[in-house]
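Participant: What follows is a structure written as structure tokens; I'll ask about it next.
Laboratory data are not the source of any read-out in this text; all were calculated from the coordinates shown. Keep in mind the model is a prediction, meaning the values are calculated, not measured. We place every Cβ from the backbone using ideal geometry, glycine too, and count neighbours over all the protein chains shown.
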Amino acid sequence: MAYTREFLLYSDCTMANQNGDMINDNRPRQDERTRALEISDVRIKRYARDEMVNRGMKVFVQPTKNNKGQFIDCKGVAAKVIKDEKIKENELEKKLKESYIDVKLFGAVVTKPKFSITGPLQVMWSRSVHEAEIKFAQGTSVFTSKAAAQQGTIWSKYFTPYALFKTYMVYNDMTAKRQDIEVTEKDIEDFKELLLSGIKNYRSTSKNQMPRLLVEVIYNKNYIDGELDYIRVKHDLTDLELRNIEEFEFDLEPLAKYYETRKNLIEKINIYKHSKVILVNSVDAFNLMDM
């Protein structure tokens, strides 16, 4: 069984829409008071899930079609899994916990048969560490909307020039035990690699994010800080002038102090770093690795 741990992920978005709000004309999600941009937990988990699907892993929560090419709901997906796995309805929960990596980590709500699985790995909403700008652009596509049209269809989109996001995540081994889910250290290692690869591999004109820094604090008992807010992010420019990860400095002094005060509870601290990230005040107790 994997140890309890907390994660802090920093990733940035360049000339893209980090997470559109469908009820607000697909504008990037933004805190109205601080003007910081936001990313939902669902969007972050989708990066990992999409990478799982691309690698042919068993994933329960994903767009699924029936034999007529129509998308099906949760009840239909559950029925499809029961049929494909050749199991009985009352065996579905156990099968999902054992074989479907997204359910094993994130949990799931199933409508028929009705049950809920609380995932031991919880992802919180992300927020940019600075105020960020939202821009609106329009243009003309190559293809027209109809044969008689004189020009291509007009497109429009919202995007941010740049934003650096912080995401907090926690894996709780007691939750796994209560849910009777066997999560191994390999499962956690796979999750980290799937998430980082998923963010890097998802490239489009709407999504353009890059993971920059991942901090993993592994505890030797069931202990959780609750926010792991121990990295001081500095920059000399005004918030709206920021355009590049190299304009930031990540100060690990608060994390080193946290380690000293919790040394008896901490098994180790792993730090995965992109080559362009500037780190200061690291200590020998941290395991620094390339991302």
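Participant: Being under 30 Å from residue 53 (Cα atoms) and among the acidic types (Asp, Glu) narrows it down to one of 241, 216, 247, 260, so name that one.
Facilitator: Going through 241, 216, 247, 260 in turn, the sole match is 216.
Participant: Which of the residues belonging to the stretch 231-279 are in a helix (DSSP H, G or I), of a type outside the set (Val, Ile, Thr) and within 18 Å of residue 131 (Cα to Cα)?
Facilitator: Selection gives 239, 240, 241, 246, 247.
Participant: Does the stretch 52-89 hold any residues that are of a type in the set (Gly, Ala, Ser) and under 29 Å from residue 199 (Cα atoms), and which are they?
Facilitator: Correct list: 56, 69, 76, 78.
Participant: Scan 175, 167, 184 and give me the residue that is under 17 Å from the mean Cα position of the chain (by Cα) and of a type in the set (Ser, Thr, Tyr).
Facilitator: 167
Participant: OK, next. Kindly establish whether residue 276 is among the basic types (Lys, Arg) and farther than 22 Å from residue 3 by Cα.
Facilitator: Answer is yes for this residue.
Participant: Another one. Can you report the number of residues in the stretch 197-225 which are within 14 Å of residue 262 (Cβ to Cβ) and hydroxyl-bearing (Ser, Thr, Tyr)?
Facilitator: Looking only at that region, the number is 2.
Participant: Could you please give the count of residues in the stretch 209-230 that are in a loop (DSSP other than H, G, I, E, B) and of a type in the set (D, E, K, R)?
Facilitator: Qualifying residue count, the stretch 209-230: 4.
Participant: Return a yes/no flag: does the stretch 172-180 have any residue that is surrounded by fewer than 21 Cβ atoms within 10 Å (Cβ to Cβ), over 17 Å from residue 44 (Cβ atoms) and touching a helix residue (DSSP H, G or I) at 6+ places or on another chain (Cβ under 8 Å).
Facilitator: Yes - at least one qualifying residue is present in the stretch 172-180.
Participant: Can I ask one more? When the stretch 150-193 is examined, which residues are found to be among the polar types (S, T, N, Q), part of a strand (DSSP E or B) and farther than 18 Å from residue 123 by Cα?
Facilitator: 156, 160
Participant: Could you say whether any residue in the stretch 194-203 is surrounded by fewer than 19 Cβ atoms within 10 Å (Cβ to Cβ), basic (Lys, Arg), free of Cβ contacts under 8 Å to residues at least 40 places away in the same chain and not in a strand (DSSP E or B)?
Facilitator: Taking every residue of the stretch 194-203 in turn, at least one turns out to be surrounded by fewer than 19 Cβ atoms within 10 Å (Cβ to Cβ), basic (Lys, Arg), free of Cβ contacts under 8 Å to residues at least 40 places away in the same chain and not in a strand (DSSP E or B).
Participant: For the subset of the stretch 83-127 comprising residues that are within 17 Å of residue 52 (Cβ to Cβ) and either of a type in the set (Val, Ile, Thr) or in a strand (DSSP E or B) (or both), which member is farthest from the chain's Cα centre (by Cα)?
Facilitator: Within the stretch 83-127, the match that is farthest from the chain's Cα centre (by Cα) is 117.
Participant: For the stretch 19-45, which positions are assigned to a loop (DSSP other than H, G, I, E, B) and either crowded, with 18+ Cβ neighbours inside 10 Å or of a type outside the set (S, T, N, Q) (or both)?
Facilitator: Passing the criteria: 19, 25, 29, 31, 32, 33, 35.
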